[in-house]
Each structure stands twice: as structure tokens, then as C-alpha cells.
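Where a number appears in this text, it was derived from the coordinates with a stated rule and is not lab data. Every value quoted in this text rests on a predicted model; they were computed, and no experiment measured them. No Cβ is skipped: glycine too gets one built from the backbone with ideal geometry, and neighbour counts run over all protein chains shown.
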Amino acid sequence: MKFDLHVHTKFSYDSRMTTDELVEAARNAGLSGVAIADHNTFTEHKRDDFFIIPACEFSTDVGHLVVYFIKNPINENLSRDEYGRFYWRDICKAAHDQGALVFYAHPFSPKKDPPDSLYDHLDGIEVFNSRVVHSRIRNANDKALALCKEKNLAFSAGSDAHSPVEVGTSFFECDLPEDSVSEPDFEEKLKSAILGKQGRVFAGATSPFVVLRCKLATYRRERLYWRYFKMQIKYAIAFFTSSFNKKQEGKYIDVYVEE
């Protein structure tokens, strides 16, 4: 079964993708399910016809943390710092109190210097993010993979999709049978597979052209006109660079290989 463990919908400030559009794109990509991790807000997207992992991506003082298998909103009544970020300890505790999992999303994009104690409270690390390929730190995904191995944590992967064309570019694959999704304990089985590192990652890169287009739309909506102007220039360059518009071929990665 294949799961894109990092996607966004219109409930994120920088996406306009509806749940219906997401599900259609996921099906077309051959996915078994997705984790909808909208920014700092938890909205239940439960569907009878497609498996959706309830999740949320929190901006914290150490970067972005994605919480999987949320049962109840965990951002209510939590304090924030002067920049509006949650404190990582609060998020980890609130998540674990309800049996949810906490993963470090794209830890090197941007690079953070978290305390070593953070890793004692994490369940896993996102080792591949389709958008991070085009970040300023070009080897950010490689660094995340190395960090995950060093800390011996579980791993995840996702497209970080903000538009339908990105969905399924990267995903986590495990050996659970397709028909098990209808079983009442399927969520626990999937959680166990993720925590048990029983799977592999398909790593594919989103087209840089798509990333720029999404950022351009966001800056226009947010009325960040100077950023919008600069992004227009990058967008124009991308438009006339044919190789820039293509998806990069993906490959499978076995994170933990038995010697």
C-alpha cells in the first residue's frame, strides 16, 4: 500500500486544493491513502471511500513537526512564542497524550539547530520531501535521511503537495494488503508498520515550475507585492526553460537495509 504522508488542502493558507480534488489526484496516482497535514490547523477529512490519516503540520520553535493519527485538536490553549510558533515540547506531549505520532518534517529546509533532547521525543523523521529538492539547501533530503539513520527513528515521505499535480510524487510504501483498509483495526496496523520501519520510500521531485506557481499565487493572495514581483521574474525564467518544467524521475529507497 502507498501513502503520501504530507499533503495540504485549502485549509492551509498556501493551498487552494479541495478534499475532492486531492482524493481524485491520489487515486489517479495509485495511492492507498494520504495524510492531510494542513498548517497549524486540524480539520477532519474523513471519507468512506478513501483512507485519510488525520494529521497536522505545526510550526514550532525547532521547525515543522507533523503529527499523525490525531484524534482531537491539539493546538487549543497552547502558548506560542513571539513569532507565533508553538513550542515543540508542548506539541509532542499533547500528541503523545492521545496516542498520535510526531515526525520532524524537512528538518534541513530551512536548517534548524534543535536541542538533542528533541529526538528523544520524536517518533520519526521525514526523510524525503518532493518540494525540498528545490530548496536552497540542495542536499536537504540526503541530510534528513542520514539524520534518521543516525537517530534510528521511523521514517516518512511525502510530496508536500499544495496542488493536485503534485500528489503522490513521493510516498511511503508498506506490505499491508489492500483489502485490510476496511478492517476496524487498520489504523493501528498502519501505525505499527510505520513505527516498525516496515516499508520503503519512493522519492520523486515535484517540478520547480509547479512550486513557483504555487508561491506566486500565495504571494498575490497575501498581498506580498515585493515577493510577488520577484517571484514573477523567477516564474518567467522557468516558463522558458523547458527542462525546468519537468518532473524528475523518482526511485525507491530502502531506509534501513539489513547487512
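Residue separation times 0.36 nm, minus the C-alpha to C-alpha distance between T18 and N77: what's the value?
On the way: separation 59, 0.36 × 59 = 21.24 nm, distance 2.78 nm.
Working it through step by step, the gained length comes to 18.5 nm.
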Checklist entry - By its C-alpha gyration tensor, with a ≥ b ≥ c as the square roots of the eigenvalues, how is segment 17-153 shaped: rounded for a/c under 1.5, else prolate for a/b larger than b/c, else oblate? => result oblate
Checklist outcome for this item: Taking a straight Cα-to-Cα line shorter than 19 Å from K46, and setting aside same-chain aspartates and glutamates fewer than 8 residues away, one finds D4, D20, E21, E24, D38, E57, E178, D179, E183, D185, E187, E188
Checklist entry - Sorted by packing (mean other beta-carbon atoms within 10 Å per residue), highest first, where do 187-194, 201-208 land? => result 201-208, 187-194
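If packing is taken as the mean number of other Cβ atoms within 10 Å per residue, what is the order of 110-123, 56-69, highest first? Intermediate values should be presented prior to the final figure.
Numbers: 110-123: 13.4, 56-69: 22.5.
Going from most to least packed, we get 56-69, 110-123.
Could you work out how much longer the chain between D49 and N139 gets when fully extended? Use 0.36 nm per residue separation minus the Cα distance between them, nm to one decimal.
Working: separation 90, 0.36 × 90 = 32.40 nm, distance 3.75 nm.
The D49-N139 span can extend by a further 28.7 nm.
Ranking request for peptides 93-99, 130-136, 82-88, 166-172: highest mean number of other beta-carbon atoms within 10 Å first, then the rest in descending order. If you can, show how the numbers build up before the last one.
Numbers: 93-99: 15.7, 130-136: 20.4, 82-88: 13.6, 166-172: 28.7.
Going by the mean number of other Cβ atoms within 10 Å, highest first, we get 166-172, 130-136, 93-99, 82-88.
Residue separation times 0.36 nm, minus the C-alpha to C-alpha distance between K149 and Q98: what's the value? Write down the numbers at each step before the final one.
Numbers: separation 51, 0.36 × 51 = 18.36 nm, distance 2.66 nm.
Length gained between K149 and Q98: 15.7 nm.
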Checklist outcome for this item: Which residues qualify? For I53, with a placed amide H closer than 5 Å and at least 5 residues away or on another chain, they are V34, A35, I36
Checklist outcome for this item: Note, segment 70-78: 3J(HN,Hα) by Karplus (6.51, -1.76, 1.60, θ = phi - 60°), whole Hz, Gly/Pro = x, goes 6, 9, 9, x, 10, 9, 6, 6, 8
